[in-house]
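The structure appears below as C-alpha cells.
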Amino acid sequence: MHADETVQAINGLRLPRYGLGNYVKAPLPWPDSSEAHRKLVDDLSRAGKHLIGFCRTSFFKRLESSGAAFELTIERHIQRDKAALFALQNNLDVAIGSSDATIFETTVVDNDSLVDAVDDSQENDIAGGYTPDETQAIYTRMQDNKAFRWLPAKFFDAALAAHLQEDIAALELIRKRVGDWDPANDAKLMELTKLLKQTYAREKVLIFTQFADTANYLERQLNRAGVTALAVVTGQSENPTKLVQQFSPVSNEARSRIGTDDELRVLVSTDVLSEGQNLQDCAVVVNFDLPWALIRLIQRVGRVDRIGQQSPEILVHSFLPADGVERIIRLHQRIRQRQRQEGEIIGSDEMFIEGDPVENTEMFHNLFNENSAMLEREDESDVDISSYASEIWRKATENDPKLAAAIEALPNVVYSTREHKPTNGQPEGVITFTRNATGNNSLIWLDKQGEIVTEAAKEILRAAECNPQAPAVERFPDHHEWVGNALAIAVKDQRAVGGQLGGSRSVRRKVYDLLMAYDASLGNSLFKPPELDRTIDELYRYPLKDSARERLGKRLREKVDSDALARLVIELRAENELCNVTEEPEQADPHIICSLGLRRADGNGDR
C-alpha cells in the first residue's frame, strides 16, 4: 500500500467530483432550468477546486491510519465515481456533495464523507468491478439520502465523464494491486494486541485514531483477539458521555452508577471526543495513528493529564510506519509538491495540510527523539499582535520604568537597524509595522529582494527581539525603499480581500470561509438566520475588533460547529463587538508606525 506506485496514483487522481464547478458548461441551459439550479451552479463555481487538495490529503491520512480504512476509502470512491458516471451516461441528475472543507477535518468529522454510498457489510471483498445493476443500486441508494443535492447531467461537459473514467481505472488498479486487507498480517494490530494483553493487561488504556473506520476495525479485531471490557467512541456514537463514565467513573463522579461489570478497561476513540471529558482514571495513551497536526498529540494526552490524575506518570505509545519518520516526511513533501503544482494551475496558494510545516524535518525528529521543546511552540496563526506585543511591553517596562516614557515620546515612522545572523528562512531584510485608521496592526518581513519572508507576528517579534543596550548598525541603503514596498503590500492586501481578511490561516479568513460555506448549505431555507447575510458582509468589509478575534479564535480551536459559530458572530455584531466599522473604509489604508532593519554586523550579507 505504501509503494511509490500507490503514492503516484493518488497524486495523479483528478478527483472531479470535488471540483464540479470546473466542468459546468457555458453558456448554461437556463431556459430548461429552475432558479434552484442556478444557485447550485453558483455554489459549485464558488467552491471551485479547493476541496480537491483536502480530498487527496485525506487519502494519505487514511493510508497512514490503517490499511482497512484506506481499503474502504478506495472502495467508496470507486462506487461514487461510478454512480456519477452512470448518471452522466444515462442523462440523469448528478449528486452534488458538500462544499464544506470541514468534512475532511477529523476533529470535526471522523467518518468517511463517502460512507453513505457503500455497503460495508463485507469486511473483505476485493473489487472486481460493478455490474450496471449494482451501480444503479448505488445510485438509487444515494437518491434516498437527503444530504445530496442534484443537478441535471446536461449542465456538465464531456470532460467530467472522461475524468471520472480515468480515476475509476486508477483506483481499481490500486485496489487490484494491494489486494484484500488481511488483519492476520497487520503488524500494528499485533503490537497493539500485545500491549493490551501483556504489557498493560490490567491497566486502563485509551487508544486514539483519526478515523471511525479504523476505530471500528480495531473494535472488531480486538474483540476477536479476546480483549474484553472494550468500547469505541466515534462521531456516530449515540451516548459517548455514558461510555466515558464507564471508562473513567471516578473522575466523572459516576462510581455509584457504574457497576464493576459495566466498567470499561479499554476505550478506542477518535479525535471528536470532547476535550472537556474527564478520562484521568487512565494513565496509558496509545496513538494508533499519527495526527498530521502534531499539536493533536498534546490534546490527546490532555484528556488524561488533568486535575485528579493519580498516576505519577502518564505513558504514551505512538505507532509509526515500518520505516518511521523519514517516510512520513518524504510523503508529506511529495504531497506539498503536488499542492504547489495545483496552486500554479489554479492560481491559488491554498495549502491543504493543517498544522505544522512538514518541510521542517527537525520538528519530526525532535518529537520522536523525546525533545519536548518543540511541542511548546504555539500556533503562529492564532497569535494576536497586540496581545503578544503587550506582554513584551509589560515585561520590558517592569524591568525599566524609564523605558515607557522614552518609547512613548518617539514619533511615528521611526526606524533603526539591528545586528542579525541570517539563516535559512530568516534572511537579512526589513521588518515594517503598519496600522490602519481602524486600529488594525500588521507586521511584514521582507528580504533584500523585496520578497515576503513571513507575516507571522510571533516569528517576526522573535527576530526583532533585543535588549535596550543592543547597539544599532548601519542601515541598508535601500531601507526606506523596502519599507515603502512593505506598505504597498499591506495596502494591496487590505483592498484585495475586503479589508484584512488575511491569509488562509487568519481568524477572520477562517470565520468568513466557514460562514460562506454555512450560508451556501442553508440556501433559502427557513432555518437561515435573518442577519447572516449582513453579518458576512460586515465581516468582509471591516477588520475584526481584537476582543472578537480572541473569542472567535478560541471557538475555532475548539472546533465549534458552523451553526454555533454563526450564532456567535451574529450576536457579536448585534452588540457592536464584531468589527471596527468606519463610515469611510476607503480612508483606512495602513500607514507606517516603525521599521527595523535586520543586517549582519559587517554589512556583508548574502545577496
| So which residues in the range 255-268 are open to solvent by less than 30 Å² (accessible area, probe 1.4 Å) and at pLDDT 90 or above? | Leu264, Val266, Leu267, Val268
| field | Options Asp281, Asp271: the member that is more than 26 Å from Ser58 (Cβ to Cβ), surrounded by 17 or more Cβ atoms within 10 Å (Cβ to Cβ) and in contact with a Ser or Thr (Cβ under 7 Å, 6 or more places away or on another chain) | value | Asp281
| message | Contact list please: Cβ distance under 7 Å, first residue in the range 243-259 and touching a residue at least 12 places away in the same chain (Cβ under 8 Å), second residue in a helix (DSSP H, G or I), pairs at least six apart or on different chains. | response | Gln246/Asp262; Asn252/Val244; Asn252/Gln245; Ile258/Gln245; Ile258/Gln246
| the range 395-432: number of residues that are out of contact with any Gly (no Cβ under 8 Å at 6 or more places or on another chain), open to solvent by less than 90 Å² (accessible area, probe 1.4 Å) and of a type in the set (Asp, Glu) | 2
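Could you tell me whether the range 411-425 includes any residue that is in a helix (DSSP H, G or I) and either within 30 Å of Cys579 (Cβ to Cβ) or at pLDDT below 80 (or both)? Walk me through how you get there before you give the answer.
From the range 411-425, those in a helix (DSSP H, G or I) are none; that's our starting set.
No, the range 411-425 contains no residue that is in a helix (DSSP H, G or I) and either within 30 Å of Cys579 (Cβ to Cβ) or at pLDDT below 80 (or both).
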| field | Scan of the range 296-319 for residues that are assigned to a loop (DSSP other than H, G, I, E, B) and surrounded by 17 or more Cβ atoms within 10 Å (Cβ to Cβ), ordered by number | value | Arg303, Val304, Gln309, Phe319
| In the set Thr140, Thr135, which member is open to solvent by 50 Å² or more (accessible area, probe 1.4 Å), out of contact with any Ser or Thr (no Cβ under 8 Å at 6 or more places or on another chain), at pLDDT 80 or above and not aromatic (Phe, Trp, Tyr)? | Thr140
| request: Out of the residues in the range 468-513 that are among the aliphatic types (A, V, I, L, M), at pLDDT 85 or above and open to solvent by 40 Å² or more (accessible area, probe 1.4 Å), state the one that is nearest to Arg149 (Cα to Cα). | output: Ala488
| remark: Log entry, pairs with first residue in the range 49-78 being closer than 13 Å to Leu171 by Cβ and among the acidic types (Asp, Glu), second being open to solvent by 10 Å² or more (accessible area, probe 1.4 Å) and outside any helix (DSSP H, G or I), beta carbons closer than 7 Å, six or more apart or on different chains, reads Glu71/Trp181; Glu75/Val118; Glu75/Ala127
| Quick check: is even one residue across the range 81-92 of a type in the set (Phe, Trp, Tyr) and at pLDDT below 85? | no
| field | Answer residue from the range 537-560, given it is modelled with pLDDT under 80 and closer than 27 Å to Asp271 by Cα and is least open to solvent (accessible area, probe 1.4 Å) among those | value | Val560
| remark: Counting only residues in the range 160-197 that are touching a residue at least 60 places away in the same chain (Cβ under 8 Å), of a type in the set (Gly, Ala, Ser) and open to solvent by less than 40 Å² (accessible area, probe 1.4 Å), the one nearest to Gln8 (Cα to Cα) is identified as Ala170
| Can you find even one residue in the range 243-253 that is farther than 22 Å from Gln299 by Cβ, out of contact with any strand residue (DSSP E or B) (no Cβ under 9 Å at 6 or more places or on another chain), buried (at least 17 other Cβ atoms within 10 Å of the Cβ) and not β-branched (Val, Ile, Thr)? | yes
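For the range 593-607, enumerate the residues that are assigned to a loop (DSSP other than H, G, I, E, B) and either at pLDDT 70 or above or open to solvent by less than 40 Å² (accessible area, probe 1.4 Å) (or both).
Kept after step one, since they are assigned to a loop (DSSP other than H, G, I, E, B), are these residues of the range 593-607: 600-607.
Matches in the range 593-607: Arg600, Ala601, Gly603, Gly605.
Looking at the range 569-592, which of its residues are at pLDDT 80 or above and surrounded by fewer than 16 Cβ atoms within 10 Å (Cβ to Cβ)? Even if it seems obvious, please write down each step before you answer.
Going through the range 569-592, the residues at pLDDT 80 or above turn out to be 569-579, 591-592.
Across the range 569-592, the qualifying residues are Glu571, Ala574, Glu575, Asn576, Glu577, His591.
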| query | Within the range 519-536, can you find the residues that are modelled with pLDDT under 85, assigned to a helix (DSSP H, G or I) and either open to solvent by less than 40 Å² (accessible area, probe 1.4 Å) or more than 26 Å from Glu35 (Cβ to Cβ) (or both)? | reply | Asp519, Ala520, Leu522
| said: Anything in the range 433-452 that is buried (at least 17 other Cβ atoms within 10 Å of the Cβ) and outside any strand (DSSP E or B)? List them, or say none. | reply: Asn436, Thr438, Asn440, Lys448
| remark: Counting only residues in the range 128-176 that are more than 31 Å from the chain's Cα centre (by Cα) and among the charged types (D, E, K, R), the one farthest from Val94 (Cα to Cα) is identified as Lys176
| request: Could you list all residues from the range 456-492 that are under 15 Å from Asn441 (Cα atoms), in contact (Cβ under 8 Å) with a residue 12 or more places away in the chain and basic (Lys, Arg)? | output: Lys458
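The values are calculated or read from the model by the stated rules, or taken from the named source; none is laboratory data. Predicted model, so just to flag it, every value in this text is computed and none were measured. Reconstructed Cβ throughout: ideal geometry from the backbone, glycine too, with neighbour counts over all protein chains shown. In case anyone asks, the SASA skips ligands and DNA or RNA and just uses the protein heavy atoms, side chains included. Shrake-Rupley method; radii C 1.70, N 1.55, O 1.52, S 1.80 Å.
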